[in-house]
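Colleague: Encoded as structure tokens, here's the structure I'll be asking about.
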Amino acid sequence: MTSLAGRHAIVTAGPTIEAIDPVRFLSNRSSGRQGYAIAEALADLGASVTLVSGPTCLDAPSGVTRLDVESARDMLAAVVAKLPADIFIAVAAVADWRPARAADRKSDKAGQTTLQLVENPDILRHVAGLEQPRRPGLVIGFAAETHDVLDRARAKRLRKGCDWIVANDVSGDAMGGNENAAILITSETETAWPRASKSRIAEQLAVAVSRHLAKA
Ligand code: C5P
């Protein structure tokens, strides 16, 4: 088995939460399980792993350094602060939008009923677009799709500028569940991994990463 000893990997995982006011937020259904499993699989191959995690109910895998963040902007800042890295894997379900203004006091129920949103930074695209040597040698994104999974994932790989993308169909129970089925898309190959535990998917990805870096 190829080792990742001496390599630094940064993995994002979980949802982000975007404050509306001190007690309310916008978020999504991500459990963080797939990202945590990937962090663990990379560490098992000997990588030094920084897991930048939104709020989840999970314990940090042993041997992994976890940084807890809440918002997309915090996640981006934490990732950038931990560069350089050899490997960046964006597994987090980052909220696409955040409230334009987070109130510093609990908003009144009788108040405004329209929430104005602004777009969050795209962490994957930001890291993929960095100049060498800041850019990690291998940048991997996830494409969780409910339809046209392959076509949308192929387009996403190009749009985000990442090297690989892992396509997964979340029309069933993948989001929040314990299993996933995925297709690894690189510039040269597409490899389908049949439905399996998120740990098994993570092991397959970690092995693919280690083989690739061993060749590079
Ligand atoms: O555009 P979409 O959210 O489907 O892209 C998914 C991929 O992009 C995932 O790898 C996710 O972690 C990453 N992403 C990100 N920052 C965002 C949105 C998505 O890093 N603001």
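Colleague: Are there any pairs with C-beta distances below 6 angstrom linking a residue in region 114-140 that is without any contact (Cβ under 8 Å) to a residue 60 or more places away in the chain and basic (Lys, Arg) to a residue that is open to solvent by less than 60 Å² (accessible area, probe 1.4 Å) and more than 9 Å from the ligand (Cβ to nearest atom), with the two at least 6 apart or on different chains, and if so which?
Modeller: These pairs meet every condition: Arg134/Leu83.
Colleague: A follow-up question, please. Going residue by residue through region 159-179, is there one that turns out to be closer than 19 Å to Ala128 by Cβ, open to solvent by less than 20 Å² (accessible area, probe 1.4 Å) and assigned to a loop (DSSP other than H, G, I, E, B)?
Modeller: Yes, there is a match, as at least one residue in region 159-179 is closer than 19 Å to Ala128 by Cβ, open to solvent by less than 20 Å² (accessible area, probe 1.4 Å) and assigned to a loop (DSSP other than H, G, I, E, B).
Colleague: When you go through (1) over 23 Å from Lys215 (Cβ atoms); (2) within 12 Å of the ligand (Cβ to nearest atom); (3) modelled with pLDDT of 95 or more; (4) not β-branched (Val, Ile, Thr) one by one for Asn168, which number turns out not to apply?
Modeller: Every condition holds for Asn168 apart from (3).
Colleague: Quick one: Glu188 ticks every box in (1) open to solvent by less than 40 Å² (accessible area, probe 1.4 Å); (2) in a loop (DSSP other than H, G, I, E, B) bar one, so which box is it?
Modeller: Tallying (1) open to solvent by less than 40 Å² (accessible area, probe 1.4 Å); (2) in a loop (DSSP other than H, G, I, E, B), Glu188 fails exactly one: (1).
Colleague: Okay, next question. Quick test for you: out of Leu76, Leu58, Leu67, pick the one residue that is in contact with a Lys or Arg (Cβ under 8 Å, 6 or more places away or on another chain), open to solvent by 10 Å² or more (accessible area, probe 1.4 Å) and within 22 Å of Ala128 (Cβ to Cβ).
Modeller: On the way: Leu76 fails: in contact with a Lys or Arg (Cβ under 8 Å, 6 or more places away or on another chain); Leu58 fails: within 22 Å of Ala128 (Cβ to Cβ).
Only one candidate qualifies: Leu67.
Colleague: Failed condition for Ala153, given (1) touching a helix residue (DSSP H, G or I) at 6+ places or on another chain (Cβ under 8 Å); (2) within 16 Å of the ligand (Cβ to nearest atom); (3) open to solvent by less than 90 Å² (accessible area, probe 1.4 Å), with all others met?
Modeller: (1)
Colleague: Of all residues being acidic (Asp, Glu), modelled with pLDDT of 95 or more and under 21 Å from Trp97 (Cβ atoms) in region 116-150, which is least open to solvent (accessible area, probe 1.4 Å)? Just the residue, please.
Modeller: Asp122
Colleague: Looking only at residues that are open to solvent by 60 Å² or more (accessible area, probe 1.4 Å) and among the aliphatic types (A, V, I, L, M) in region 1-52, which one is nearest to Pro84 (Cα to Cα)?
Modeller: The residue in question is Ala5.
Colleague: Considering only region 91-114, state which residues are away from the ligand (no atom under 16 Å from the Cβ) and surrounded by 14 or more Cβ atoms within 10 Å (Cβ to Cβ).
Modeller: Once the filter is applied, which keeps residues that are away from the ligand (no atom under 16 Å from the Cβ) and surrounded by 14 or more Cβ atoms within 10 Å (Cβ to Cβ), region 91-114 yields Ala102, Ala103, Ser107.
Colleague: Mind counting the residues in region 81-90 that are part of a helix (DSSP H, G or I) and open to solvent by less than 30 Å² (accessible area, probe 1.4 Å)?
Modeller: So the count comes out to 0.
Colleague: Assess whether Ser31 counts as being among the small types (Gly, Ala, Ser) and free of Cβ contacts under 8 Å to residues at least 60 places away in the same chain.
Modeller: Here the answer is no, as Ser31 does not meet what is asked.
Colleague: To continue, here is another question. Filter region 115-127 down to residues that are under 21 Å from the mean Cα position of the chain (by Cα) and more than 13 Å from the ligand (Cβ to nearest atom), then give me how many there are.
Modeller: Of the residues in region 115-127, 0 are under 21 Å from the mean Cα position of the chain (by Cα) and more than 13 Å from the ligand (Cβ to nearest atom).
Colleague: Here's something else I'd like to know. Return yes or no: is Ala78 within 24 Å of Gly161 (Cα to Cα), in a helix (DSSP H, G or I) and of a type outside the set (Asp, Glu)?
Modeller: It is true that Ala78 is within 24 Å of Gly161 (Cα to Cα), in a helix (DSSP H, G or I) and of a type outside the set (Asp, Glu).
Colleague: Further, regarding this structure: With Leu138, Leu130 as the choices, which residue is within 16 Å of Ala81 (Cα to Cα) and either of a type outside the set (D, E, K, R) or within 16 Å of the ligand (Cβ to nearest atom) (or both)? So that I can check it myself, show each step before the final result.
Modeller: Numbers: Leu138 fails: within 16 Å of Ala81 (Cα to Cα).
The conditions single out Leu130.
The values are calculated or read from the model by the stated rules, or taken from the named source; none is laboratory data. Source: prediction; values computed, not measured. Here the Cβ is made from the backbone with ideal geometry for all residues, glycine too, and neighbour counts use every protein chain on show. When the accessible area is computed, the model is the full protein with side chains, heavy atoms only, and any ligands, DNA or RNA have been set aside. Shrake-Rupley method; radii C 1.70, N 1.55, O 1.52, S 1.80 Å.
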